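The values are calculated or read from the model by the stated rules, or taken from the named source; none is laboratory data. Worth saying up front: this structure is predicted, and the values here are computed from it rather than measured. Note: ideal-geometry Cβ built from the backbone for every residue, glycine included; neighbour counts use all protein chains shown.
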């Protein structure tokens, strides 16, 4: 028998938002492979596994459910670390900084693993930092050109630094808080501030939308306490301006709203918490909950972009993107819906913990007065 | 010239050996739960912890502080770790309070009140500890907050706020929890409440927190160990004395002895487990750690790789690691021993036993 008070408290948190998160987490549990990994994004190199597992474990840590399954995923990741200290798209593809950043984000939530697993991961990540502070997906020593069977120069685009990878790596290194990474993190944070566009958002190389990178960059800057309230408000104002009437965010390829894009838009607004953001967050959460499928997952969209490996700037793409095709110059949906569902579970889980499991209509009441952070030095 | 082992290998070896020995000794003492029982209990505890966060913590802090605490803005770089720890900290305090109330045969209403007060206290102390240990910018302010609440030992009159500037920050969250805790105390007290003992343990907990980050160079090894021990033991003793303050005068002496055995063992175990699991991190940060003191007889400053190397080599070449593990496991065994009763009436005690063992395993699993 539990304490009567505890039973009452458990009942009080059984709101609609909490149920959506629970159903989503249960759906994710059902997708976990026997080896503890999750798989998504079918490509010529096979389905993504290590990267997807890091991302999914990191999302599950937000909701406080499926802890046993998350632990198995983390244990699988620790076993899959390469000799170079990194992780890759899957066990066939060379290690990369983005997959390693997500693996690290999963590992820092425990269960604990051997200390050298983490320090080697951090060392691998630091080797991908450019002198300007940004991070590249691949370093020449990863030999991605050999894997895709092209000349070294023909993979220069994938070896260039990009905002989305920089955001993921800086956040991972910052939260891991290792000895010896402070300089690297400071440099990365400074670069993230420079990479913000005039509208206050961050662009993506590997993603069709902007909210994923915007969330990673702005949350890293918030953790580090180097983003002023005014700067964050500029970002959130622009996100709100782009939000559709129904609460969703769209991309060029998902013009009716996209769950992945909306999840990261919501996460970014939750960093601010002003009254306007609260209203927008409420609409976004409501839209997301309405999109949940009866099985507990969320529908996928064309969220991932695989540019030709020589292309550094996606704006300079001269040929058309193909949808859900193999090879490069393609826009891929997460066919198994794991990536999108993990993103939404993370966003609604965060909202649910901040708003005590309430339904979105109650959000604006609970988030007021505005959230104030300590002054930025 | 002989090649030296890389520091990273020494770190791994200490980490692996300490976990292997802890697991072996816990297994031998029958303290490890079957995996499926551990996982199910942990899931229940996390679920209850999240519920306590959304309800009890919110009630204590109000909308603004609660939203700040649960957001990504709080605790800076430690945000992810604090968010992960928060539900477990809340529920551990609650369950210790609830379990002790059951041993002391408190009525359900009082048991719930005790459990909630313990949950609040445990969370406040843990959050204060995080700030004091890791955030030099807020350390002084946090110690000021704790000092302000010394006057809260006699609860402030209604509307009389402590002098700490009211603003949303880690320190104001802890201040809010301290205020909520002290507001609840008068409702718990029975006629024979050992009020002074509770207050003296609260004061010792506060003193130890402040002392652990002061200049420790002049202290003897015995004094260093006492500071380290009090910092961990005093908060657990506070939980016990919160429960004890709610008993009626006719309380059974045997019940008191049972509760004291549980608390003494639990407090000692938490201290030793914590320092065993944190030794590498503490070595890096130069934080006070019982295992280091027991091994080299001093408290070395952090950031010196050569000193760290020599301490790690000492840990591997002496039996100090195993001796401390034996002490830790013996303390935990002593805590759960009275909770192994088999009668139907003791179902709640067996549940408490299972929960303590689950949390003990979590100390190993989730501590860096």
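Values computed for the structure shown
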quantity: Only listed residue being surrounded by 22 or more Cβ atoms within 10 Å (Cβ to Cβ) and at pLDDT below 95, chosen from B:205, B:251; calculated: B:205
quantity: Residue in segment A:303-318 that is more than 14 Å from every other protein chain (Cβ to nearest Cβ), within 23 Å of the chain's Cα centre (by Cα), modelled with pLDDT of 95 or more and crowded, with 23+ Cβ neighbours inside 10 Å present; calculated: yes
quantity: Only one of B:287, B:308, B:246 that is under 25 Å from residue B:21 (Cα atoms) and part of a loop (DSSP other than H, G, I, E, B); calculated: B:287
quantity: Lone unmet requirement of (1) within 14 Å of chain B (Cβ to nearest Cβ); (2) out of contact with any helix residue (DSSP H, G or I) (no Cβ under 8 Å at 6 or more places or on another chain); (3) surrounded by 21 or more Cβ atoms within 10 Å (Cβ to Cβ) for residue A:142; calculated: (1)
quantity: Segment A:258-281, residues that are within 14 Å of another protein chain (Cβ to nearest Cβ) and either outside any loop (DSSP other than H, G, I, E, B) or without any contact (Cβ under 8 Å) to a residue 12 or more places away in the chain (or both); calculated: A:264, A:266, A:267, A:268, A:269, A:270, A:271, A:272, A:275, A:277, A:278, A:281
quantity: Test result for residue B:269, part of a helix (DSSP H, G or I) and farther than 24 Å from residue B:196 by Cα; calculated: yes
quantity: Tally, over segment A:147-157, of residues that are in contact (Cβ under 8 Å) with a residue 12 or more places away in the chain and out of contact with any helix residue (DSSP H, G or I) (no Cβ under 6 Å at 6 or more places or on another chain); calculated: 7
quantity: Criterion (farther than 30 Å from residue A:122 by Cα, crowded, with 24+ Cβ neighbours inside 10 Å and in contact with a helix residue (DSSP H, G or I) (Cβ under 9 Å, 6 or more places away or on another chain)) met by exactly one of A:217, A:259; calculated: A:259
quantity: Helices (runs of 4 or more DSSP H) contained entirely in segment A:82-160, each with at least 2 residues that are under 23 Å from residue A:308 (Cα atoms) and at pLDDT 95 or above; calculated: A:97-107, A:144-147
quantity: Residue list for segment A:186-202, restricted to those being outside any helix (DSSP H, G or I) and buried (at least 19 other Cβ atoms within 10 Å of the Cβ); calculated: A:196, A:201, A:202
quantity: Of all residues making up segment B:83-102, the number that are within 11 Å of another protein chain (Cβ to nearest Cβ) and without any contact (Cβ under 8 Å) to a residue 60 or more places away in the chain; calculated: 6
quantity: Single residue of A:127, A:122, A:172 found to be touching a helix residue (DSSP H, G or I) at 6+ places or on another chain (Cβ under 6 Å) and either crowded, with 24+ Cβ neighbours inside 10 Å or under 26 Å from residue B:281 (Cβ atoms) (or both); calculated: A:172
quantity: Residue tally, condition touching a strand residue (DSSP E or B) at 6+ places or on another chain (Cβ under 7 Å) and part of a helix (DSSP H, G or I), over segment A:227-257; calculated: 0
quantity: Residue within segment A:231-242 that is over 21 Å from residue A:135 (Cβ atoms), more than 14 Å from chain B (Cβ to nearest Cβ), surrounded by 24 or more Cβ atoms within 10 Å (Cβ to Cβ) and without any contact (Cβ under 8 Å) to a residue 60 or more places away in the chain present; calculated: yes
quantity: Test: residue in segment B:62-76 that is more than 20 Å from the chain's Cα centre (by Cα), more than 9 Å from chain A (Cβ to nearest Cβ) and farther than 27 Å from residue A:117 by Cβ; calculated: yes
quantity: Selected residue (criterion: nearest to the other protein chains (Cβ to nearest Cβ)) from residues of segment B:103-124 that are crowded, with 24+ Cβ neighbours inside 10 Å and over 11 Å from residue B:239 (Cα atoms); calculated: B:111
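Residue-wise test of (1) farther than 25 Å from residue A:69 by Cβ; (2) free of Cβ contacts under 8 Å to residues at least 40 places away in the same chain; (3) buried (at least 18 other Cβ atoms within 10 Å of the Cβ).
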residue	(1), (2), (3)
B:6	yes, yes, no
B:11	yes, no, yes
B:14	yes, no, yes
B:18	yes, no, yes
B:37	no, no, no
B:44	no, yes, no
B:51	no, yes, yes
B:60	yes, no, yes
B:65	yes, no, yes
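Condition check ((1) closer than 26 Å to residue B:82 by Cα; (2) buried (at least 23 other Cβ atoms within 10 Å of the Cβ); (3) at pLDDT 90 or above; (4) within 11 Å of another protein chain (Cβ to nearest Cβ)) across all residues:
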{"position": "A:21", "(1), (2), (3), (4)": "yes, yes, yes, yes"}
{"position": "A:28", "(1), (2), (3), (4)": "yes, yes, yes, no"}
{"position": "A:57", "(1), (2), (3), (4)": "yes, yes, yes, no"}
{"position": "A:68", "(1), (2), (3), (4)": "yes, no, yes, yes"}
